[in-house]
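Since the structure comes first, as structure tokens, the remarks are kept for the end.
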Amino acid sequence: MAPTTLGPIQRKFAPWDDPSEVPLVRFENVTKRFGDFVAVDNLSIDIYPREFFALLGPSGCGKTTLLRMLAGFEQPTEGRILLDGQDVSKVPPYRRPVNMMFQSYALFPHMTVEANIAFGLKQDRVPKPEIEARVAEMLKLVRLEQFGKRKPHQLSGGQRQRVALARSLAKKPKLLLLDEPLAALDKKLREATQFELTDLQQELGLTFLIVTHDQEEAMTVADRIAVMDHGVMVQVATPAEIYEQPNSRYVADFIGDVNLIEGRVAAIDGARVEIAPSGIDARFEVAEAPDTAVDDTVWLALRPEKIAVSMEPPDDASVNCVSGEVWDIAYLGDLSIYHVRLASGITVKSAQTNVTRLIERPITWEDKVYLSWTRDAGVALIR
């Protein structure tokens, strides 16, 4: 059996590839309508025990509606939602083994941290000694042992976020739903909290489902990401697969930064696919382009960090190489982003790591440069 915790190199965890694994959550042809508006459209997906699953997409794509249906705050118009094998359509929210952490945290301002964490346990009439032990356990888990007597207004944003998380975990749910949980935090605290969340999830062995519009957040915390658009899951895959092998221009453009160059398939020779780009006097090649035929229209997706920029042409400039003029430069400290305008008017971005401490860079505005990349750097997309 594959290990389910972080090892010294990487996490070996992929129950979705094992047909014998039983999902904890199953959406079966779920549709949700609000009047004539379809928020979720005939959606099916399995989420497995111990998985950190992310719903990623822009506002209005249906991700929060999906979360609310799983929590029991909304009912599907069509289809079924199974939780641990049980159809929960008729189960009220308070009877589901699910807790939800809201974006606003929804802490009770008049209660102490301890009372906030204990609230759900008291509602369930858990014995007082057990409540006290569970609250102490949760405070230790989120490293807030010294803040139990404080009120929410006496805490920082990051501390309030931890209190909300501790309250959500106190009842030991099978599934924790997180609705934009880090949106209110500043950038550095958000980055640190992302790793704390993943460590906590693996330590507890729970299943987490997070809703976010932040691509970086989803890529950092999730085992798998579902990219959503207009109520449909466009692609469901691991972060690496989503980034390196997007299945459409929408996914490629939504996740990270990308150059999309239109062209047509000029030739196919085994694992080599030649692309004639539109309006560019050049020849491109990719390692593979499944489901394509000669003369098909495709879009070459190239990540900026995979494109080399130089003042001199590479040794082989006959393929995967174009020249242009530096139109703009974005200096980001660790990276410099070069916007290079080709003779056709197309602008291509190249990201270069600033490995030296030079203040003046050798390549500057209006320089003529060459952009080049390897055959396996790009992905040909047919939609």
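The values are calculated or read from the model by the stated rules, or taken from the named source; none is laboratory data. Being a predicted model, the structure only gives us computed values, none of them experimental. As a convention, Cβ positions derive from the backbone with ideal geometry for all residues, glycine included, and neighbour counts pool all protein chains shown.
On the basis of being out of contact with any Lys or Arg (no Cβ under 8 Å at 6 or more places or on another chain), over 24 Å from Glu196 (Cβ atoms) and assigned by TED's automatic domain parsing to the domain that holds Ala170, does Pro129 make the cut?
yes
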Notebook entry, point to check: For the range 306-320, how many residues are touching a Lys or Arg at 6+ places or on another chain (Cβ under 9 Å) and among the hydrophobic types (A, V, I, L, M, F, W, C)?
Noted result: 3
Checklist line | Count - residues of the range 182-205 that are part of a loop (DSSP other than H, G, I, E, B) and modelled with pLDDT of 75 or more | finding: 1
Check: Which of (1) surrounded by fewer than 16 Cβ atoms within 10 Å (Cβ to Cβ); (2) farther than 30 Å from Glu216 by Cβ; (3) at pLDDT 90 or above is the odd one out, the single condition Phe73 does not satisfy?
Finding: (2)
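Residues of the range 144-178 being part of a helix (DSSP H, G or I), touching a Pro at 6+ places or on another chain (Cβ under 8 Å) and closer than 14 Å to Met101 by Cβ, which ones? Reasoning before the result, please.
From the range 144-178, those part of a helix (DSSP H, G or I) are 145-147, 152-154, 157-169; that's our starting set.
If we keep only those that are touching a Pro at 6+ places or on another chain (Cβ under 8 Å) as well, we get 152-153, 160-161, 163-165.
Arg160, Gln161, Val163, Ala164, Leu165, listed by residue number.
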Notebook entry, point to check: Since Glu180 meets every condition but one in (1) without any contact (Cβ under 8 Å) to a residue 40 or more places away in the chain; (2) buried (at least 17 other Cβ atoms within 10 Å of the Cβ); (3) not hydrophobic (A, V, I, L, M, F, W, C), which condition does it not meet?
Noted result: (1)
Margin query: Looking at the range 138-158 only, could you name the residues that are of a type outside the set (Gly, Ala, Ser) and loosely packed, with under 14 Cβ neighbours inside 10 Å?
Written below: Lys140, Arg143, Glu145, Gln146, Lys149, His153, Gln154
Next item on the list: Kindly provide the set of residues from the range 331-346 that are loosely packed, with under 15 Cβ neighbours inside 10 Å and in contact with a Lys or Arg (Cβ under 9 Å, 6 or more places away or on another chain), ordered by number.
Entry: Tyr331
Note to self: If Asp257 satisfies all but one of (1) assigned to a loop (DSSP other than H, G, I, E, B); (2) surrounded by 16 or more Cβ atoms within 10 Å (Cβ to Cβ), what's the number of the condition it fails?
What the structure shows: (2)
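So that you can scan it fast, the table gives a plain yes or no per residue for (1) in a strand (DSSP E or B); (2) assigned by TED's automatic domain parsing to the domain that holds Ser344:
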| position | (1), (2) |
| --- | --- |
| Ala240 | no, no |
| Ile268 | yes, yes |
| Val273 | yes, yes |
| Asp281 | no, yes |
Notebook entry, point to check: Just for the range 359-383: of the residues that are touching a residue at least 24 places away in the same chain (Cβ under 8 Å) and among the aliphatic types (A, V, I, L, M), which one is nearest to Asp315 (Cα to Cα)?
Noted result: Leu371
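Is it the case that Ala226 is buried (at least 19 other Cβ atoms within 10 Å of the Cβ), among the small types (Gly, Ala, Ser) and modelled with pLDDT of 90 or more?
Details: buried (at least 19 other Cβ atoms within 10 Å of the Cβ): yes; among the small types (Gly, Ala, Ser): yes; modelled with pLDDT of 90 or more: yes.
It is true that Ala226 is buried (at least 19 other Cβ atoms within 10 Å of the Cβ), among the small types (Gly, Ala, Ser) and modelled with pLDDT of 90 or more.
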